[in-house]
1. What FRET efficiency, computed as 1/(1 + (r/R0)^6) with R0 = 22 Å and r the Cβ-Cβ distance, is obtained for Y259 and E283, rounded to the nearest 0.05?
2. With the crude spin-label approximation of a point 7 Å out along Cα→Cβ, what separation in nm comes out for K135 versus S77?
3. Keeping every protein chain present and rolling a 1.4 Å probe, give me the accessible area per residue for the range 284-374 in Å².
4. Just read off the accessible area of W179 with the full protein assembly in place, 1.4 Å probe, to the nearest 10 Å².
5. Place a +1 charge on the Cβ of each Lys and Arg in the chain and a -1 charge on the Cβ of each Asp and Glu, then give the dipole magnitude about the Cα centre in debye, rounded to the nearest 20.
6. Using the per-residue mean of other Cβ atoms lying within 10 Å as a proxy for protection, in what order, highest first, do the peptides 140-147, 404-411, 211-218 fall?
7. Quick check on the range 69-155: of the DSSP beta bridges with both residues there, what percent are antiparallel, nearest 5%?
8. Quick one: order D122, D269 from most to least accessible surface, probe 1.4 Å.
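The values are calculated or read from the model by the stated rules, or taken from the named source; none is laboratory data. In this text, all values refer to a predicted model and were calculated from it rather than measured experimentally. FYI the Cβ positions are ideal-geometry reconstructions off the backbone, even for glycines, and counts take in every protein chain you see. Keep in mind that these areas ignore ligands, DNA and RNA; they rest on the heavy atoms of the full protein, side chains included. Shrake-Rupley method; radii C 1.70, N 1.55, O 1.52, S 1.80 Å.
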Amino acid sequence: MTTVGLVSSCAGVRPMVPLLRQGVQKMRSSQFHTTARSASKDYYEVLVLGGGTGGVSMSARMKRKVGAGNVAVVEPSEKHYYQPLWTLVGAGAKPLAPCSRPTASVIPSGVKWIQSRVQKLDPDKNCVHLENNQKISYKYLIIALGLQLHFEKIKGLPEAFSAPKIGSNYSVHTVEKTWKALQDFQGGNAIFTFPNTPVKCAGAPQKIMYLSEAYMRKTGKRPKAKIIFNTALGVIFGVQKYADALLEIIKSRDITVNYKYNLVEVRADKQEAVFENLDKSGETEVYQYEMLHVTPPMGPQNVLLNSPVSDAGGWVDVDKETLQHKKYPNVFGIGDCTNLPTSKTAAAVAGQSGVLDKTISCVMKGKPPAKKYDGYTSCPLVTNYNRAILAEFDYSAQPLETFPFDQSKERLTSFHMKADLMPFLYWHGLLKGYWGGPAPIRKLLHLGLK
């Protein structure tokens with residue numbers, strides 16, 4: 001089924017198609033950006049730090065609010081990645097190339113792209129220090145710096161990725177190694193890990209496990225395989241409804257789950273993975289592996305550690321309902337870099353972007369923010385090459401489902417939403433600032449049922 005066919009077949013999504021097409025047509029005009037290598041102003045009404053999902057989406061919204069010439073985005077990377085699809089890349093279900101586009105092509109036309117790295121934030125002086133001693137001042141600051149991976153916090157990594165049988169869907173440099181390890185697997189322990197830190201897309205570590213198990217069944221290797229999920233968490237998933245559904249799948253597929261097991265070392269020469277038992281201080285256990293998928297520890301960007309805008313953990317300290325900074329009223333945060341107590345996903349960024357847009361409008365008008373973010377996030381839990389559970393929930397870990405059917409059931413439609421519809425919405429809706437999450441669809445569908 002094509003993406004357009006899938007969009008048209010979803011009754012709740014059909015009303016959005018004309019809007020999305022309009023957005024695509026508007027943004028097809030030639031793009032022009034100025035990097036730090038050319039002349040750059042030293043003041044912008046809105047300065048956005050980060051050219052990832054949250055940064056690009058908010059720069060598009062701010063362009064319509066204050067004009068392109070008054071908005072700048074600081075982002076050092078040449079490429080922009082759609083990371084949610086890496087789960088399917090690691091399982092051989094999607095190619096890697098379509099997951100990336102040049103950064104210049106996704107930053108809104110006319111918005112200044114400052115290709116540099118943030119060195120220091122000085123919110124008391126309304127300015128940011130960049131590389132090459134460049135200083136940019138602002139009236140409003142949006143922090144969307146994402147988080148960083150810490151493979152190096154696991155002894156033996158990242159060096160072990162040069163050896164066979166090991167991969168990670170969390171990096172563009174290692175995701176194809178996952179697929180190679182899966183193809184080469186002949187039998188033995190296939191181990192999948194979850195670290196003892198916050199992570200982005202907390203469902204991804206087990207999605208690749210279900211896909212790998214399905215691939216092994218398809219290729220006749222499953223009888224010789226022992227599938228092991230070693231997680232530092234104490235539960236399989238944080239929302240009970242979806243956890244119950246996943247545990248049924250785990251039981252039916254004979255998957256072993258060890259809770260409170262945290263990966264601390266990889267010995268690639270011996271094909272050994274060392275885990276610490278978080279319930280028994282100082283106790284470790286060594287597992288031999290024939291396939292190892294690593295989810296690395298993650299944390300805030302270095303520039304946010306001990307920054308005035310961050311909490312003690314290094315996460316941007318914002319109000320969980322308005323996304324406005326708790327101390328600096330002209331500073332805002334969005335996405336993975338914040339301390340919002342919800343899962344760090346692109347779907348969460350979509351929901352946050354619509355709220356933050358309203359918050360900034362109110363602040364610009366001298367009014368208190370009115371719209372509130374409810375913690376909405378989504379995790380399409382891929383369980384097979386043609387099935388997924390569409391988990392949607394809020395701050396209270398209660399289901400906040402869009403469609404009038406039980407989304408905890410494995411469905412073909414949920415898989416196609418993940419594999420086909422959501423990438424389309426990402427590139428042509430979210431990044432253009434036209435997609436703020438499924439709340440309008442949910443309201444429309446639920447009203448139609450009354």
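1. After rounding, the FRET efficiency stands at 0.95.
2. For K135 paired with S77, the spin-label model returns 3.0 nm.
3. Value returned for the range 284-374: 38 Å² of accessible area per residue.
4. For W179, the solvent-accessible surface is approximately 60 Å².
5. Values: 56 positive and 36 negative charges, 315 e Å.
Using Cβ point charges on Lys, Arg, Asp and Glu, the chain gives about 1520 debye.
6. 140-147, 211-218, 404-411
7. Values: 10 of 13 bridges.
The answer is about 75 percent antiparallel.
8. Ranking D122, D269 by accessible area, largest first, yields D269, D122.
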